[in-house]
Amino acid sequence: MSEDADTVASNDIPQGTQTLARGLQIVSAVAHGSTTLKSVVDTTGIGRSSAHRMIQLLVHTGYLRHGSPGEFRLGPTLIEFGFTALNQDPLPVVARESLEALAARTQDTIHRRGW
């Protein structure tokens, strides 16, 4: 099992949220290259039938989509959420600390628009 699977299996998961955690684990597995049902099952340790049902729901809701036959990809819902997240925290805000450290190290100027 992957580190993500070990994390989900820990006792840190609030009571009654295991199904949600497994669904998120599947999305994470696909994001990290597990594109088939078999590879998702191998990566996450979730049972084949449970993983299949969850993948069907994730495809139906747009979190995953079908790729090549028998393969899955991240879906349009995640792309939409990604753009929303980006707009909530624009890149300059997210990268500020790193940019300031780079400017100090290189003795160069950074331009602070929108901070």
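The values are calculated or read from the model by the stated rules, or taken from the named source; none is laboratory data. Only a predicted model underlies this, so the values are computations on that prediction, with no experimental measurement involved. Cβ atoms come from the backbone with ideal geometry, glycine included; neighbour counts cover every protein chain shown. Quick note on the areas: whole protein, heavy atoms, side chains included, nothing else; ligands and nucleic acids left out. Shrake-Rupley method; radii C 1.70, N 1.55, O 1.52, S 1.80 Å.
Please grab the % of Cα pairs in the chain that end up more than 17 Å from each other. Before the final figure, lay out the partial values.
Numbers: 4151 of 6555 pairs.
That fraction is 63 percent.
Which whole-number percentage describes the relative contact order of the chain, with Cα contacts under 8 Å and a sequence gap of 6 or more? Show your work: numbers first, answer last.
Values: 97 pairs, mean separation 20.5, N = 115.
Reported as a whole number, the value is 18 percent.
In the chain, carbon and sulfur make up what percent of the accessible area (probe 1.4 Å)?
Working: 4490 of 8240 Å².
Summing carbon and sulfur atoms, their accessible area is 55 percent of the total for the chain.
Taking H as built 1.01 Å from N, whose amide H comes closer than 5 Å to the amide H of LEU64, not counting residues under 5 places away?
Under 5 Å from the amide H of LEU64: VAL59, GLY75.
Mind ordering 33-43, 100-110 by average Cβ neighbours within 10 Å, highest first?
Working: 33-43: 16.7, 100-110: 10.1.
Result, highest mean first: 33-43, 100-110.
For the stretch 37-78, what relative contact order do you get, as a whole percent, if you take Cα pairs closer than 8 Å and at least 6 residues apart? Please report the intermediate quantities before stating the final value.
Values: 41 pairs, mean separation 11.6, N = 42.
For the stretch 37-78, the relative contact order is 28 percent.
Any idea of the accessible area per residue across the chain, 1.4 Å probe, to the nearest Å²? Write down the numbers at each step before the final one.
On the way: 8240 Å² over 115 residues.
On a per-residue basis, the chain sits at 72 Å².
Quick one: what Rg and Dmax do you get for the stretch 30-84 from the alpha carbons, in Å?
Cα-based Rg and Dmax for the stretch 30-84 come out at 11.0, 33 Å.
Using only Cα atoms and rounding to the nearest 10 degrees, what angle (0 to 90) does helix 48-60 make with the longest principal axis of the chain?
For 48-60 against the chain, the angle is about 50 degrees.
Tell me the net charge near ILE46. Cut-off is 11 Å between Cβ atoms, ILE46 excluded, with +1 for each Lys or Arg and -1 for each Asp or Glu.
That sum, taken over residues with Cβ under 11 Å, equals +2.
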